[in-house]
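Participant: Attaching a single structure in structure tokens format; questions to follow.
The values are calculated or read from the model by the stated rules, or taken from the named source; none is laboratory data. Just so we're clear, the structure is a prediction, and the values are computed from it rather than from any experiment. Here the Cβ positions follow ideal geometry from the backbone for every residue, glycine too, while neighbour counts run over all protein chains shown. Side chains included, ligands, DNA and RNA excluded: accessible areas come from the protein's heavy atoms. Shrake-Rupley method; radii C 1.70, N 1.55, O 1.52, S 1.80 Å.
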Amino acid sequence: MGNYYQPEIETASREQIRAWQDERLVNTVNRVYNNVEYYRNLMKEKGLEPGDIKGVDDLHKLPFLTKADLRDAYPYGLMAAPLSNCVRIQSTSGTTGRRVVTFYTQNDIDIWDTCCARAIVAAGGTKDDVCQVSYGYGLFTGGAGLNGGSHKVGCLTLPMSSGNTDRQLQFMIDLEATILCCTPSYAAYLAESIVERGLKDQIKLKAGIFGAEAWSEEMRQDIQNKLGIKAYDIYGLTEISGPGVSFECEEQTGMHINEDNFIAEIIDPDTGEVLPDGEKGELVFTSITKEAFPLLRYRTRDICVLSHEKCSCGRTFVKMSKPMGRSDDMLIVKGVNVFPSQIETVLLNEGYPANYQITVTRENNSDKLELQVEMTNEMFSDRLSEMEGRQKALVSALKSMLGIYVDVRLVAPKTIERSEGKAKRVIDKRRI
């Protein structure tokens, strides 16, 4: 079975994976304690010394790191290697306050590229493929990670970056791209453009690797149908390295975590207590092979579930579900937890494109959720009475999914601003 970039690692026994993790965790804790004053102080506050950590079973004793720690220690306070050994930084897009900057030695980049190579091979990529990387390049990790992974696999790499749709489509057709890497919202936009321009029969794509934002199963089906491909999810975060922390196999039922490099835990976001396998909670990562910027027990704020069930692809790495929302950017409207992914599911089930914008306002102490939804060209040409019927149907479908009334506004195709990076789906205007 299966396409593996490194079969001996990806299908290693659980005992072997645990042995790697135990040894690498102990080494990393020692290195961080000795070289990073900021983290040494956090450990001392908990009365911990490196010798207290003998393996993964002791992981829960260590303090958590959060984005606030990264801001406090900015720029160099969490580095565990000499600056002279570092060859690159990457930085997160769009967090408020100080930007998060992470550092890489050449070895860190090689490992990151390898993780992305595993993702490309799992999606069916080989050295005979043409890989079009349409994630942003620059400080954003998307372009850099998949570019490096594509080189490792030996694909012909098209370093397109995002945007300039005309050029994307020209190269996709002329160079016969077979794998597309970009955000799901940009993939949906490219698919829309291909269908509109009647180019589908000139496209040679077979697979897509889409990450950097949440997307629903319905959106996946929509993209797969429009482009005639298999669409694979990939997960990562700048703080832990970038895309490739985990990736989907042909089963498409969750993402295998590269456990030779990262240890995953699920915690209760309120108490910090580690939850048993199969429980839903906040995902926490510990890097165990990073030289420059190893984070121990970093809280991702992503809510998901881990599963150790046997996977038909033969990989033994634990699987994480798609993030089911965030422990922080979840919207609470009228006391109800609302995740944009729930709204997206309803839209796609009702036949709308995944182009929408949610605006939350508060009037007279009452929350109001407004949803602008783009219609397809066919819907837009319907009679007014039919459009009113559509609007009512959507309001009631959203009410049954969310439990609250949503003020739906149907708008003309192409009126909501397109995003070439992460789509800005939620505008919260409440002053809480």
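Participant: Residues G314, G325: which one is open to solvent by 10 Å² or more (accessible area, probe 1.4 Å) and either more than 17 Å from the chain's Cα centre (by Cα) or within 23 Å of C116 (Cβ to Cβ) (or both)?
Facilitator: Numbers: G325 fails: either more than 17 Å from the chain's Cα centre (by Cα) or within 23 Å of C116 (Cβ to Cβ) (or both).
None of the other options fit; the residue is G314.
Participant: Further question: Considering the range 318-360 alone, what residues qualify as being farther than 30 Å from T11 by Cα, hydrophobic (A, V, I, L, M, F, W, C) and at pLDDT below 90? Walk me through how you get there before you give the answer.
Facilitator: At the first step, the residues of the range 318-360 found to be farther than 30 Å from T11 by Cα are 326-360.
Then keep just the ones that are hydrophobic (A, V, I, L, M, F, W, C); that gives 330-333, 336, 338-339, 343, 346-348, 354, 358, 360.
Those that are farther than 30 Å from T11 by Cα, hydrophobic (A, V, I, L, M, F, W, C) and at pLDDT below 90: M330, L331, I332, V333, V336, V338, F339, A354.
Participant: Checking the conditions here, which among R24, R18 is open to solvent by 20 Å² or more (accessible area, probe 1.4 Å), of a type outside the set (V, I, T), touching a helix residue (DSSP H, G or I) at 6+ places or on another chain (Cβ under 9 Å) and in a helix (DSSP H, G or I)?
Facilitator: The unique qualifying residue is R18.
Participant: Keeping to the range 153-197, report how many residues are surrounded by fewer than 20 Cβ atoms within 10 Å (Cβ to Cβ) and in contact (Cβ under 8 Å) with a residue 40 or more places away in the chain.
Facilitator: The qualifying residues number 3.
Participant: Given (1) in contact with an Asp or Glu (Cβ under 9 Å, 6 or more places away or on another chain); (2) open to solvent by 70 Å² or more (accessible area, probe 1.4 Å); (3) not in a loop (DSSP other than H, G, I, E, B), where does E388 come up short, assuming only one miss?
Facilitator: (1)
Participant: Could you tell me which numbered condition V100 fails, if it satisfies all but one of (1) free of Cβ contacts under 8 Å to residues at least 24 places away in the same chain; (2) closer than 27 Å to A119 by Cα; (3) open to solvent by less than 20 Å² (accessible area, probe 1.4 Å)?
Facilitator: Unmet condition: (1).
Participant: Also, quick follow-up: Can you spot a residue in the range 103-113 that is more than 15 Å from P243 (Cα to Cα), of a type outside the set (V, I, T), open to solvent by 30 Å² or more (accessible area, probe 1.4 Å) and touching a residue at least 12 places away in the same chain (Cβ under 8 Å)?
Facilitator: yes
Participant: With the requirement that a residue be modelled with pLDDT under 95 and within 30 Å of L139 (Cα to Cα), what does the range 194-219 give you?
Facilitator: The answer is G211, A212, E213, A214, W215, S216, E217, M219.
Participant: Could you tell me which of the residues N377, N365, N355 is in contact (Cβ under 8 Å) with a residue 40 or more places away in the chain and of a type outside the set (V, I, T)? Show your work before the answer.
Facilitator: Values: N377 fails: in contact (Cβ under 8 Å) with a residue 40 or more places away in the chain; N365 fails: in contact (Cβ under 8 Å) with a residue 40 or more places away in the chain.
None of the others qualify; the one that does is N355.
Participant: Same structure again: Return yes or no: is L275 farther than 19 Å from I9 by Cα, more than 17 Å from the chain's Cα centre (by Cα) and crowded, with 22+ Cβ neighbours inside 10 Å?
Facilitator: Values: farther than 19 Å from I9 by Cα: yes; more than 17 Å from the chain's Cα centre (by Cα): yes; crowded, with 22+ Cβ neighbours inside 10 Å: no.
Here the answer is no, as L275 does not meet what is asked.
Participant: Limited to the range 241-262, what total is found for residues that are assigned to a strand (DSSP E or B) and open to solvent by less than 10 Å² (accessible area, probe 1.4 Å)?
Facilitator: Result for the range 241-262: 10.
Participant: Quick check on the range 367-382. Is at least one of its residues open to solvent by 50 Å² or more (accessible area, probe 1.4 Å) and under 18 Å from the mean Cα position of the chain (by Cα)?
Facilitator: Keep residues of the range 367-382 that are open to solvent by 50 Å² or more (accessible area, probe 1.4 Å), which gives 368, 372, 377-378, 380-381.
From what is left, the residues that are under 18 Å from the mean Cα position of the chain (by Cα) are none.
So far as the range 367-382 goes, no, none of its residues is open to solvent by 50 Å² or more (accessible area, probe 1.4 Å) and under 18 Å from the mean Cα position of the chain (by Cα).
Participant: Against the conditions (1) under 15 Å from G421 (Cα atoms); (2) surrounded by fewer than 16 Cβ atoms within 10 Å (Cβ to Cβ), where does K200 fall short? Just the number, please.
Facilitator: (1)
Participant: Now for a different question. Collect the residues in the range 47-95 that are in contact (Cβ under 8 Å) with a residue 40 or more places away in the chain, β-branched (V, I, T) and closer than 21 Å to G138 by Cα, keeping them in residue-number order.
Facilitator: I89, T92
Participant: Exactly one condition in (1) open to solvent by 10 Å² or more (accessible area, probe 1.4 Å); (2) part of a strand (DSSP E or B); (3) not small (G, A, S) is false for E291; which is it?
Facilitator: The number of the failed condition is (2).
Participant: Select from the range 321-354 the residues that are hydrophobic (A, V, I, L, M, F, W, C) and under 15 Å from V406 (Cβ atoms) and list them in ascending order. Please lay out each step first, then the result.
Facilitator: Our first condition is that a residue be hydrophobic (A, V, I, L, M, F, W, C); within the range 321-354, this holds for 324, 330-333, 336, 338-339, 343, 346-348, 354.
The answer is L331, I332, V333, V336, V338, F339, I343, V346, L347.
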